[in-house]
1. Here's a check for you: in region 334-366, which residue that is in a loop (DSSP other than H, G, I, E, B) and in contact with a Leu (Cβ under 7 Å, 6 or more places away or on another chain) is surrounded by the most Cβ atoms within 10 Å (Cβ to Cβ)?
2. Which numbered condition in (1) in contact with a Lys or Arg (Cβ under 8 Å, 6 or more places away or on another chain); (2) crowded, with 19+ Cβ neighbours inside 10 Å; (3) closer than 22 Å to Thr523 by Cα is the only one that Lys380 fails?
3. In region 193-223, how many residues are among the β-branched types (Val, Ile, Thr) and either surrounded by fewer than 21 Cβ atoms within 10 Å (Cβ to Cβ) or part of a helix (DSSP H, G or I) (or both)?
4. Can you find a residue that is of a type in the set (S, T, N, Q) and either exposed (fewer than 15 other Cβ atoms within 10 Å of the Cβ) or modelled with pLDDT under 85 (or both) anywhere in region 106-113?
5. Restricted to region 404-437, and to residues that are part of a helix (DSSP H, G or I) and of a type in the set (Asp, Glu), which residue is farthest from Ala390 (Cα to Cα)?
6. Within region 438-480, can you find the residues that are surrounded by fewer than 20 Cβ atoms within 10 Å (Cβ to Cβ), modelled with pLDDT of 85 or more and outside any helix (DSSP H, G or I)?
7. Is it the case that some residue within region 81-100 is basic (Lys, Arg), more than 22 Å from the chain's Cα centre (by Cα) and modelled with pLDDT of 85 or more?
Amino acid sequence: MPALITLENFALSVGSTQLLDGVSASVVEGQRIAVVGPNGCGKSTLLRALSGSSEDYYVVGAGSVASRGAVLLVEQDALQWSRLLPLAECDEAGLREMTLPDALDMAAAASGDEGAMEDVEAWRRLSIAAQEALDWKTATYDATPLGRLSPGSATRAYLAVALRRRDVKLLLLDEPTNYLDIPSMLWLQETILASGKAVVVVSHDEAFLDAVADHVWDVDPDKRSLSVSGARYSAYCRAKALAREQQRVAYDAQQERHKRLTTVANKLRQASAKGERHAGTDHDLLQRDFRRNRAGRSGRKAKAIESLRDSEPRVERVVDRAPLRIDLDAPQVGGDSSIILGSVVIGYDGEPLPFLKKPITLRVDFGERVAIVGYNGVGKSSLLRSLTGAIEPCGGDVHVGRELRVGNLTQEHETLPRNETPREHLSAKTGMSLFDARARLIRYGLTRQQVDRPIGQLNPGARARALLASFAIRKVNALVLDEPSNHLDDEAVAEVIATLNEYEGTVIVVSHSRDFLESLQLTRILRLGSDGLTEIESVDAFVRVTEEAVRAVVTESFRS
């Protein structure tokens with residue numbers, strides 16, 4: 001099958017850090033590849049290099065990238081509508097002021113391609129089918145400019161159009177499940193399978209990767225290498241874990257064997273040296289020759305044993321990553337420490353959100369862990385923004401207790417100074433020395449190179465780790481988290497869960513990750529819908545979307 005992208009002796013670096021070197025791999029038509037590896041190893045940078053985009057912060061070194069056919073990069077926090085819908089008469093800013101139907105019609109008319117018109121019709125069929133089956137608020141797309149869509153609604157629409165573009169042969173997807181609710185995740189995986197397109201995807205959602213990918217590219221930052229496997233993701237992970245354990249056992253056995261051989265060789269050399277010394281002082285010629293011969297044999301045996309030891313192929317030591325540690329201590333408070341929303345009307349610029357029919361009333365007392373769930377576009381992120389003061393409500397009152405020090409992972413993530421380094425920002429934010437800031441950031445999982453790299457060049461996972469370090473030092477006692485697992489690798493997510501379960505402060509979290517929510521020891525789960533907030537029993541009680549319903553939507557959108 002023809003290759004869409006071919007890497008030959010490919011090298012990739014960021015500044016002085018070599019990410020990959022001497023890599024050879026290819027992507028063929030219809031192939032679906034999961035790119036995996038620890039945060040900061042260069043997965044997102046690799047996707048950008050594969051797309052052919054020119055960036056100042058990374059360098060493609062020796063070797064080459066050859067591509068055939070149209071390639072579309074979909075980035076996790078930088079949806080470029082002008083990349084998806086190229087219009088000569090309209091730039092990115094102009095597209096963000098348009099609604100999706102208008103932008104699609106303009107792009108189709110500009111191309112003059114019959115296939116583009118069919119793709120527009122496919123979007124309309126999808127929006128009608130998904131409105132009922134998946135609770136997509138498709139009227140949002142008719143009334144809301146692209147630049148004002150919620151992250152979930154924007155991501156879903158972008159992916160829907162990208163997967164229907166007939167001229168695109170290869171999609172490069174960077175964390176595509178971020179911000180998608182569970183029904184939309186199921187829709188995405190079924191749509192990828194139905195599209196027949198080649199896909200290279202970076203994601204931390206294990207279930208999604210296992211359902212979608214048929215190959216794995218594993219980036220090893222220590223070896224600067226890329227391992228290629230034709231296995232499913234879960235099978236690859238099991239095989240990799242087994243291989244690491246076998247390698248660990250083999251390494252320990254070899255070290256023990258070498259230790260024994262070295263001990264024997266050393267004893268023989270000591271005996272040889274002792275024999276030579278005695279032979280030199282013995283006046284009995286026969287005894288002297290005997291001692292010398294025996295010393296020589298001991299020396300030769302020692303040399304043979306050492307040669308046997310040194311000629312054995314070396315088993316590499318298994319290098320385990322330093323464990324991530326997140327320490328968040330919430331000082332106990334008294335008095336005014338509750339968060340209260342009284343009949344709050346959520347909206348922007350004085351206009352209430354159209355899908356929230358009732359005001360929001362909520363009280364969260366100190367020490368509670370509350371999860372807020374709901375479909376994409378219903379207003380969960382806007383609720384958190386109202387709570388933290390990022391936007392003014394259209395009505396009602398928001399009260400945040402005077403005793404609370406609130407850490408907002410999403411809001412602060414968005415406002416990080418992109419030209420400062422994490423070390424400079426942490427030092428300025430907390431007053432600690434640059435030396436201590438560097439040590440704290442490394443402890444929270446940033447590499448030595450990331451600590452001194454401009455924040456704007458870091459992946460979202462590294463930025464999130466830097467913020468968690470800041471929260472710990474500032475001793476925040478109330479955490480507001482919007483999709484906290486989106487940008488973190490499995491190790492970091494597990495540590496965040498463990499930290500939150502031990503945290504004695506207030507936690508308010510919005511998440512679509514079923515595994516993440518079910519692992520938290522929550523005091524309440526609230527569903528945000530058109531009728532406001534209602535308490536529900538469990539995450540499973542919130543979403544019961546059958547795969548048959550999702551498949552019906554996908555089938556309808558691909559109907560010729």
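The values are calculated or read from the model by the stated rules, or taken from the named source; none is laboratory data. Computed from a predicted model, the values in this text were never measured in an experiment. FYI the Cβ positions are ideal-geometry reconstructions off the backbone, even for glycines, and counts take in every protein chain you see.
1. Top of the filtered list is Ile346.
2. Just one mismatch for Lys380, condition (1).
3. Selection size over region 193-223: 1.
4. yes
5. Going through the qualifying residues, I end up with Asp436.
6. Passing the criteria: Asp452, Pro454.
7. yes
Residue-by-condition table, conditions (1) outside the structural domain of Tyr141 (by TED's automatic domain parsing); (2) under 25 Å from the mean Cα position of the chain (by Cα); (3) of a type outside the set (A, V, I, L, M); (4) buried (at least 18 other Cβ atoms within 10 Å of the Cβ):
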residue	(1), (2), (3), (4)
Leu387	yes, no, no, yes
Ala390	yes, no, no, no
Thr410	yes, yes, yes, yes
Thr415	yes, yes, yes, no
